[in-house]
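The values are calculated or read from the model by the stated rules, or taken from the named source; none is laboratory data. Being a predicted model, the structure only gives us computed values, none of them experimental. Glycine gets a Cβ as well: all are built from the backbone with ideal geometry, and neighbour counts include every protein chain shown. SASA here: full protein model, heavy atoms, side chains in, ligands and nucleic acids out. Shrake-Rupley method; radii C 1.70, N 1.55, O 1.52, S 1.80 Å.
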Amino acid sequence: MITLSHVDKQYRDHHALNDVSVQFPEHETTVILGPSGAGKSTLLRAINLLERPQAGELTIGDLHLNFADNLTSKQILKMRRQTAMVFQSWNLFPNLTILENITEGPIYVLKQSKEAAETRAHELLKQVGLDDVANRYPNQLSGGQQQRISICRALALDTDFILFDEPTSALDPELEAQILRILQDLAERGHSMIVVTHNMEFARKAADRIVFVEDGQIEFAGTSKEFFEEPTQRIKDFLAAMKL
Ligand SMILES: Nc1ncnc2c1ncn2[C@@H]1O[C@H](COP(=O)(O)OP(=O)(O)OP(=O)(O)O)[C@@H](O)[C@H]1O
Ligand SMILES: [Mg+2]
């Protein structure tokens, strides 16, 4: 379980997260929805400590921290290892092969043997239909292929949770469908995932839970069924706007 309690993030002139308390259960897929600028990325980045809120608490499993405290880099690393993040633009290392991109974290961070890391990498590559590109470099792959590799890279870290921030928004519709199928497959296997997306079809199909964010606040957190079948007026308006 990931728990955020009373989290506050103030950018210089913008209150991006306003007293946010929310939980993300394990083995479930939570989809974060909300208008542009609502604070979805900030929320995700706070969980991964890429963003440091000024106040509030974060608990992941049995690790706990208070954002107001001075955190040691050791503490931050330990916490960060609980989650892996997949970004909108797949930032693979251009000077490493696909295989090396995937095994770099497991070998240097998790201290796995090269053999074990490579065996696992090939398994993951097969899972996304790309085992034949293991020895290529990122610039020799399409955007959709690179995004599949960045999903493999996140999976190879073997974290409890994987966080996705609009993983398909830079892709054309066909490639988007391909990536979403991979995510849906992971969801069905019971991975613990938090996914920021604007794709409502994916939210309907794959989400166990929905968190709806607006103006830095949680407007709704509950089951997907409740969100789509018993929407409040605000949610109805949002869903209607998304259909346009
Ligand atoms: N580094 C920053 N400095 C100042 N303001 C920021 C910074 N990052 C984000 N913001 C502001 O905080 C608010 C929330 O941003 P955030 O990126 O979390 O929104 P979002 O919900 O992910 O939006 P989108 O759907 O467009 O990605 C926005 O108003 C944004 O302009
Ligand atoms: Mg965002």
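Express the relative contact order of the stretch 91-146 as a whole percentage, based on alpha carbon pairs under 8 Å and six or more residues apart in sequence.
48
Across all directions of projection, what mean area in square nanometres is found for the Cα convex hull of the stretch 63-116?
Directional mean of the projected Cα hull area for the stretch 63-116 stands at 5.4 nm².
Taking a cut-off of 24 Å between Cα atoms, list the lysines near Lys225, but don't count ones fewer than 8 places away on the same chain.
Those lysines meeting the cut-off are Lys40, Lys205, Lys236, Lys243.
Say R0 is 45 Å: what FRET efficiency, to the nearest 0.05, do Ser36 and Ser113 get from their beta-carbon distance?
So the FRET efficiency works out to roughly 0.50.
Taking only protein heavy atoms into account and a 1.4 Å probe, give the accessible area per residue of the chain in Å². Walk me through the numbers before you get to the answer.
Numbers: 12020 Å² over 244 residues.
Each residue of the chain exposes 49 Å² on average to a 1.4 Å probe.
Rounded to two decimals, what ratio of Rg to Rh does the stretch 155-205 give with C-alpha atoms and a Kirkwood Rh?
Result: Rg/Rh = 0.95.
Quantify, in whole percent, the carbon and sulfur part of the accessible surface of the stretch 85-156 (1.4 Å probe; protein heavy atoms only).
49
Assuming R0 = 30 Å, what is the FRET efficiency of Arg136 and Leu50, from their Cβ-Cβ distance, to the nearest 0.05?
Computed FRET efficiency for Arg136 and Leu50: 0.60.
Hey, can you rank 173-180, 83-90, 97-104, 10-17 by average C-beta count inside 10 Å, highest first? Provide the component values of the computation, followed by the final result.
Values: 173-180: 16.0, 83-90: 19.6, 97-104: 21.9, 10-17: 13.2.
In decreasing order of mean packing, 173-180, 83-90, 97-104, 10-17 become 97-104, 83-90, 173-180, 10-17.
Cα-based Rg of the chain per 2.2 N^0.38 Å, rounded to two decimals? Walk me through the numbers before you get to the answer.
Working: Rg = 18.1 Å, N = 244, 2.2 N^0.38 = 17.8 Å.
Compactness ratio reported: 1.02.
Based on the Cα coordinates of the stretch 180-244, what is the per residue volume of their convex hull in Å³?
Per-residue hull volume (Cα only) is 90 Å³.
For Asn70 and Glu123, what is the calculated FRET efficiency with R₀ set at 45 Å and r taken between the beta-carbons, to the nearest 0.05?
The pair Asn70/Glu123 has a calculated efficiency of 0.65.
In whole angstrom, and with the biggest value first, how far do the Cα coordinates of the stretch 85-156 range along each principal axis?
30, 22, 20
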